[in-house]
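Colleague: One structure is given below, represented as structure tokens, and several questions about it will come after.
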Amino acid sequence: MILVDSNEGEEVTKILDLLMLDYEEKELKFAVCETCDKIYVYGKQPKECCEGSDYEIVKAGDIIGSDYNFAIEIKRGLDLVNSLNENHIYDQLERLTSIFKNNVILCFVGRFEDLFVDEHGSKRIPQLLSLPAVCAQYGASFIQVSNMHTLIRMLKYFEEKCGTEPKLRLKYKRRGGDLPKCVTMLSAIPGIGLELAKNVSEMHPTIKDVICALEVNEFGNPKKVGPKKRETIRQYLCER
């Protein structure tokens, strides 16, 4: 049974009804123990996981597979641009991959090219073009479909590809874990490496911080990161 976030609206459920697919509408949230970081489906967590511990409630995904084996975040039209303007998209990718590992899909519904000629979208072309690369660094997939009907028809494929074994992490991978996500992503840029990535992350802890700093010319002077390296980072994150 496909799980659909209750805030998604009637468009998705009407198509699911039309295709006679089983689904359940619910608020897609997870509870994370603030002591041990263990993940529970919201409403199914024990009264108390660790003695004296509270739960952090995390919202993640618009559509989730029947066995919690994948999650899809849906963006329509300027919703994608707005998520860039407010830098929400990077936080969403962080949350989704922290829960579902690499079985995460960022799906844009519509014509991607239309965003380039929009008054607001044209100001974000470098970031828009960089999204597939950013998703890849997070371990997520970026896809584009012309309409919601196409996406719903693809759900069966996603179920088969991901299998039936739940892919939820046992524990939530918070920022500041083994290796910060920002460092992992920056170190994957050709010519940057782990040392320079760590130097950049000391001034700009998240990828959205890096992108914003580059766009407003407030990147500063991280240790050993000169103009050429800064331009390499800018081209990779802002022009792809």
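The values are calculated or read from the model by the stated rules, or taken from the named source; none is laboratory data. Remember, predicted model here, so these are calculated numbers, not experimental data. With ideal geometry, Cβ positions are generated from the backbone for all residues, glycine too; neighbour counts draw on all protein chains shown.
Colleague: Return the total of residues in the range 133-156 being of a type in the set (Ser, Thr, Tyr), surrounded by 16 or more Cβ atoms within 10 Å (Cβ to Cβ) and over 14 Å from Lys181 (Cβ atoms). Don't jump to the end; show me each part of the working.
Modeller: Here is the first cut: in the range 133-156, the ones of a type in the set (Ser, Thr, Tyr) are 138, 141, 146, 150.
Now drop any that are not surrounded by 16 or more Cβ atoms within 10 Å (Cβ to Cβ), which leaves 138, 141.
Those still in the list that are over 14 Å from Lys181 (Cβ atoms) too: 141.
Within the range 133-156, residues that are of a type in the set (Ser, Thr, Tyr), surrounded by 16 or more Cβ atoms within 10 Å (Cβ to Cβ) and over 14 Å from Lys181 (Cβ atoms) number 1.
Colleague: Right, another one. Could you check, for the range 170-181, whether at least one of its residues is more than 19 Å from Glu73 (Cβ to Cβ), at pLDDT below 90, outside any loop (DSSP other than H, G, I, E, B) and not β-branched (Val, Ile, Thr)?
Modeller: Scanning the range 170-181, I find at least one residue that is more than 19 Å from Glu73 (Cβ to Cβ), at pLDDT below 90, outside any loop (DSSP other than H, G, I, E, B) and not β-branched (Val, Ile, Thr), so the answer is yes.
Colleague: Of all the residues that make up the range 88-111, how many are over 21 Å from Tyr157 (Cβ atoms) and surrounded by fewer than 16 Cβ atoms within 10 Å (Cβ to Cβ)?
Modeller: If we filter the range 88-111 for residues that are over 21 Å from Tyr157 (Cβ atoms), which is where we start, we get 88-95, 98-99, 111.
Next cut, surrounded by fewer than 16 Cβ atoms within 10 Å (Cβ to Cβ) only: 88, 91, 111.
Count: 3.
Colleague: Which residue, of Gly77, Gly61, Gly43, Gly65, is of a type in the set (Gly, Ala, Ser) and surrounded by fewer than 13 Cβ atoms within 10 Å (Cβ to Cβ)?
Modeller: Details: Gly77 fails: surrounded by fewer than 13 Cβ atoms within 10 Å (Cβ to Cβ); Gly61 fails: surrounded by fewer than 13 Cβ atoms within 10 Å (Cβ to Cβ); Gly65 fails: surrounded by fewer than 13 Cβ atoms within 10 Å (Cβ to Cβ).
The unique qualifying residue is Gly43.
Colleague: Which of (1) surrounded by 14 or more Cβ atoms within 10 Å (Cβ to Cβ); (2) among the polar types (S, T, N, Q); (3) touching a strand residue (DSSP E or B) at 6+ places or on another chain (Cβ under 8 Å) is the odd one out, the single condition Ser130 does not satisfy?
Modeller: Checking Ser130 against (1) surrounded by 14 or more Cβ atoms within 10 Å (Cβ to Cβ); (2) among the polar types (S, T, N, Q); (3) touching a strand residue (DSSP E or B) at 6+ places or on another chain (Cβ under 8 Å), the one that fails is (3).
Colleague: Being out of contact with any Phe, Trp or Tyr (no Cβ under 8 Å at 6 or more places or on another chain) and part of a loop (DSSP other than H, G, I, E, B) is the filter here, so list the residues in the range 151-169 that pass it.
Modeller: Those that are out of contact with any Phe, Trp or Tyr (no Cβ under 8 Å at 6 or more places or on another chain) and part of a loop (DSSP other than H, G, I, E, B): Gly163, Thr164, Glu165.
Colleague: Turning to a different aspect of this structure: List the number of the failed condition for Glu218; all other conditions in (1) closer than 23 Å to His88 by Cβ; (2) in a helix (DSSP H, G or I); (3) not aliphatic (A, V, I, L, M) hold.
Modeller: Tallying (1) closer than 23 Å to His88 by Cβ; (2) in a helix (DSSP H, G or I); (3) not aliphatic (A, V, I, L, M), Glu218 fails exactly one: (2).
Colleague: Okay, moving on. If a residue has to be closer than 24 Å to Val216 by Cβ, in contact (Cβ under 8 Å) with a residue 12 or more places away in the chain, part of a helix (DSSP H, G or I) and not polar (S, T, N, Q) to count, how many in the range 112-150 make the cut?
Modeller: Total meeting the criteria: 13.
Colleague: State all residues of the range 27-40 that are surrounded by fewer than 18 Cβ atoms within 10 Å (Cβ to Cβ) and not in a loop (DSSP other than H, G, I, E, B); if no residue qualifies, say none.
Modeller: Answer for the range 27-40, where residues must be surrounded by fewer than 18 Cβ atoms within 10 Å (Cβ to Cβ) and not in a loop (DSSP other than H, G, I, E, B): Lys29, Tyr40.
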